[in-house]
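Taking it in order: structure first as C-alpha cells, then the write-up.
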Amino acid sequence: MAAGKSTAHDLGAHICFADESGQSLIPPKGRTWAPRGARPVMRVAGRRGGRVNIAGAVCFKPGHRPRMFFKLHVHRSRKGEPKTFTWGDYRDFIRMVHLQLGTPVVWVWDNLSTHLQQELFDFEAEHKDWLVIFHLPPYAPEINPQEGVWSLLKRALADFAAADLTHLTRVIKRKLKKIQYRPHLITGCLPPTGLGLQGLIETPDITHST
C-alpha cells in the first residue's frame, strides 16, 4: 500500500477500510449444547425470504479511537427492487462517514464492479479536497480489517432464527451497534491483517483507483 504512505498523513485523514456482507433468514451455523444424540433442529424461512445487505467501514487514525460505520439495504425479493447497494448508496455512505468523522477520508475497498463505476470516480474528483479512494489488490480480503467485523457479526448470529426480515434487521443493527461502542473489538480486527495502526498510515500497499 505504498501509494497511501503519505496521503493520509498529508491530509490529516482517517483511513477507512470498507466492505460488504449480507445475511438471509438462514442463520450461520454455530455450536450449541444439547443432550447426546439429540441434536436440536430449528426450522427457518427458505431462500425466498429476502436478504439484509450490509456496507461497513472501519476507520483508523493515530491518536483517535477507531470507528466503525454501517449502512443496511433490505431486499425483500419484490419485483423491480434493487438487490443490493447502488453506486449512489455507496456515495451517500462515504459522505456520511466523512461528516461523522469530521476529517478527510482515505477510502480503501475492493474491486467490486459497483465500486468501479465512473460516477464514483467523478464523485472522488469533485471532492478531492477531502476524499481519496484506493482499491485493494484482487482476491485479498485477508488484508481488510472490516472482514473481522463480519466475523464477529456472524458469530453473534450463529443459530439465530429470525421470525422475518424486520426481526433480522433489528437484531443486526443491535449487534453492529454493540461493536461500535467497543473500540477494542474494532482494534482487534487489525492483527489478522498483518497491518499495525502505524502501518496503515505509513506503509500501505494498495493500488490507486485512477
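The values are calculated or read from the model by the stated rules, or taken from the named source; none is laboratory data. Treat the numbers as computed from the prediction; the structure is a model and nothing was measured. Positions of Cβ are backbone-derived with ideal geometry, glycine not excepted, and every protein chain shown enters the neighbour counts. When the accessible area is computed, the model is the full protein with side chains, heavy atoms only, and any ligands, DNA or RNA have been set aside. Shrake-Rupley method; radii C 1.70, N 1.55, O 1.52, S 1.80 Å.
Taking segment 105-128 as the range and being among the hydrophobic types (A, V, I, L, M, F, W, C), part of a helix (DSSP H, G or I) and open to solvent by less than 70 Å² (accessible area, probe 1.4 Å) as the test, the residues that pass are 120, 121, 123, 125. If the condition is being at pLDDT 75 or above and either in contact with a Pro (Cβ under 8 Å, 6 or more places away or on another chain) or under 13 Å from residue 103 (Cα atoms) (or both), then segment 12-39 contributes 12, 13, 14, 15, 16, 17, 19.
The requirement of being open to solvent by 60 Å² or more (accessible area, probe 1.4 Å), at pLDDT 90 or above, of a type in the set (S, T, N, Q) and out of contact with any helix residue (DSSP H, G or I) (no Cβ under 7 Å at 6 or more places or on another chain) is fulfilled nowhere in segment 136-158; no residue meets it. For segment 46-81, the set of residues classified as modelled with pLDDT under 85 and in contact with a Ser or Thr (Cβ under 8 Å, 6 or more places away or on another chain) consists of 47, 48, 49, listed by residue number.
If you go through segment 154-170 and keep only what is within 17 Å of the chain's Cα centre (by Cα) and within 26 Å of residue 78 (Cα to Cα), you end up with 154, 157, 169. Pairs meeting the criteria (first residue in segment 181-194 and within 11 Å of residue 65 (Cα to Cα), second residue in a helix (DSSP H, G or I) and not aromatic (Phe, Trp, Tyr), beta carbons under 9 Å, at least 6 apart or on different chains) are 186/148; 186/149; 186/179; 186/180; 187/197.
Based on this model, can you work out whether residue 106 counts as within 18 Å of the chain's Cα centre (by Cα), aliphatic (A, V, I, L, M) and farther than 25 Å from residue 51 by Cα? So that I can check it myself, show each step before the final result.
Working: within 18 Å of the chain's Cα centre (by Cα): yes; aliphatic (A, V, I, L, M): yes; farther than 25 Å from residue 51 by Cα: yes.
Considered against the rule, which asks whether it is within 18 Å of the chain's Cα centre (by Cα), aliphatic (A, V, I, L, M) and farther than 25 Å from residue 51 by Cα, residue 106 comes out as yes.
Can we say residue 58 is β-branched (Val, Ile, Thr), closer than 23 Å to residue 195 by Cβ, open to solvent by less than 70 Å² (accessible area, probe 1.4 Å) and part of a strand (DSSP E or B)? Criteria met by residue 58.
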